[in-house]
Amino acid sequence: MGYNSELIESKDQLVEYLASGSKPDRSAWRIGSEHEKFVFHRSDNKTLSFYGENGRPGIKDVILAFEAFGWEPISENGHVIAATKDGASITLEPGGQFELSGAPLETIHQTCDETGAHLRQAKAIGEDLDIGFLGMGFHPTLRREDAPIMPKDRYEIMRNYMPKVGSMGLDMMLRTCTVQVNIDFASEADMVEKFRIGLALQPIATALFAASPFKEGRPNGFKSLRSQAWTDTDPDRTGMLPFVFQDGMGFERWADHLLDTPMYFVRRDNKYIDAAGQSFRDFMKGELPALPGELPVMEDYIDHMTTLFPEVRLKTFMEMRGADGGPWNRLCALPALWVGLLYDTTAQAAAWDMVKDWTFEEMAAMRNDVPMLGLVAEHRGRSLQEWAGDVLKIADHGLKSRAMLSAGGQTEQAFLDALHETVESGETPADRMLRQFNGPWGGDVSRIFEEMAY
């Protein structure tokens, strides 16, 4: 998409932009899968720096290696920081985590094929460069002070601001990975219902995908330290969003939330200008200290949207953001879960019926308990393992009803298999890693890099 230079003169434009994402025709709905992974040198499991050192490759070399597979590199200030191909993109997170942002596709078969093709390319590059790619929620060995810094101007602004508003923002930036899915909505009412279901069930998704039980070589006391990091990153732009469950929730209420959230930056002439802590409302009055007398354009608003990090995020589509990065098969399970719940009318109605009388206090309690307890956490006298079983039944029905078949005639239901196994056993990826750490790994976390790399 090109640069949107429309001058913002009223809040109505902000609301209309969000509403423009509505797709009443369900055949136009698409699925956007995203996942992040850590990159490491196989010889010593150390994280790659951007440029590389001592003759070893850097992150820059990894991006450039994707050119052989038809990816087109993108530079910022002379640094190669991304690549694109067929509507998908490879981008860098602040600590060098590699993210695949997939193209908007029609079925989970297609999104999983896209993910698989990317990971096979990554494995081939890994063989050439003697590097590996690891999917989990929090880096198992890296110390914060040893994390490499990527040369992206927006990240420098964020690194400077984060410690002012929370104690774990830098951990979130430098040492975590996630998997998420982007979904469409039909109308404002459909958006609100999906938003509420997404927030209510996000703790269950967090528990199912929990995969970050280690920190700096030792168990950290959590099943999802990535999820815990978000609880003390920045209260202005994270969390469960109580207003979403209140009367009056809609596109305008979300626009107000965006306006009330402090800014990070403004881009002009491909340069990032530090506006951390400043107000978009002041910007709309021509009173932004970073750009006095200047009014925002729509691209500024679009940029600002990307600086909010709640469990569910609204743009002109919705992002489900509660899951840890993890094993290959779970990268396809996450979109299967949410598409199963929210892309079939009967399934969505069943999901809404499940959560509609939950209080915000109950949902917040689940959110607070899940990082440490995972599926053992309880809600209304039942474990989240039991609740997750009910959620998966709904999602399975939704995928069966969608009847989106692969070339071989398979439905999308099989992509939930990894989650069914988790519910049946009660063992999340984090539980499995801890069992191996205390058993065959003999307390050696480095075994993760051998046994769990893609």
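Every number in this text was worked out from the coordinates using simple rules, so none of it is lab data. All values derive from a computational prediction rather than experimental measurement. Glycine also receives a Cβ, built like all others from the backbone with ideal geometry; neighbour counts cover every protein chain displayed.
Given (1) out of contact with any strand residue (DSSP E or B) (no Cβ under 8 Å at 6 or more places or on another chain); (2) under 26 Å from residue 39 (Cα atoms), where does residue 259 come up short, assuming only one miss?
Single failed check for residue 259: (2).
Restricting to the range 400-442, give me the number of residues that are out of contact with any Pro (no Cβ under 6 Å at 6 or more places or on another chain), in a helix (DSSP H, G or I), touching a residue at least 60 places away in the same chain (Cβ under 8 Å) and among the aliphatic types (A, V, I, L, M).
Residues meeting the conditions: 4.
Looking for something out of contact with any Leu (no Cβ under 7 Å at 6 or more places or on another chain) and within 30 Å of residue 11 (Cβ to Cβ) - is there at least one such residue anywhere in the range 340-347?
For the range 340-347, residues out of contact with any Leu (no Cβ under 7 Å at 6 or more places or on another chain) and within 30 Å of residue 11 (Cβ to Cβ): present.
List pairs: first residue in the range 381-399 and part of a strand (DSSP E or B), second residue buried (at least 16 other Cβ atoms within 10 Å of the Cβ) anywhere in the structure, Cβ distance under 9 angstrom, at least six positions apart or on different chains.
383/375; 383/376; 383/377
Of all residues in the range 356-386, count the ones that are crowded, with 18+ Cβ neighbours inside 10 Å and at negative phi. Spell out the reasoning first.
Just the residues of the range 356-386 that are crowded, with 18+ Cβ neighbours inside 10 Å, to begin with: 363, 366-367, 370-371, 373-375, 377, 379, 384-385.
Keeping just the survivors that are at negative phi gives 363, 366-367, 370-371, 373, 375, 377, 379, 384-385.
Of the residues in the range 356-386, 11 are crowded, with 18+ Cβ neighbours inside 10 Å and at negative phi.
Give me the helices (runs of 4 or more DSSP H) completely within the range 139-217, filtered to those with at least 2 residues that are among the basic types (Lys, Arg) and surrounded by fewer than 24 Cβ atoms within 10 Å (Cβ to Cβ), ordered by residue number.
Filter on the range 139-217 gives 153-165.
Here are some conditions: (1) touching a helix residue (DSSP H, G or I) at 6+ places or on another chain (Cβ under 6 Å); (2) closer than 30 Å to residue 217 by Cβ; (3) not in a loop (DSSP other than H, G, I, E, B). Residue 124 meets all but one. Which one does it not meet?
Going through (1) touching a helix residue (DSSP H, G or I) at 6+ places or on another chain (Cβ under 6 Å); (2) closer than 30 Å to residue 217 by Cβ; (3) not in a loop (DSSP other than H, G, I, E, B) one by one, residue 124 breaks only (1).
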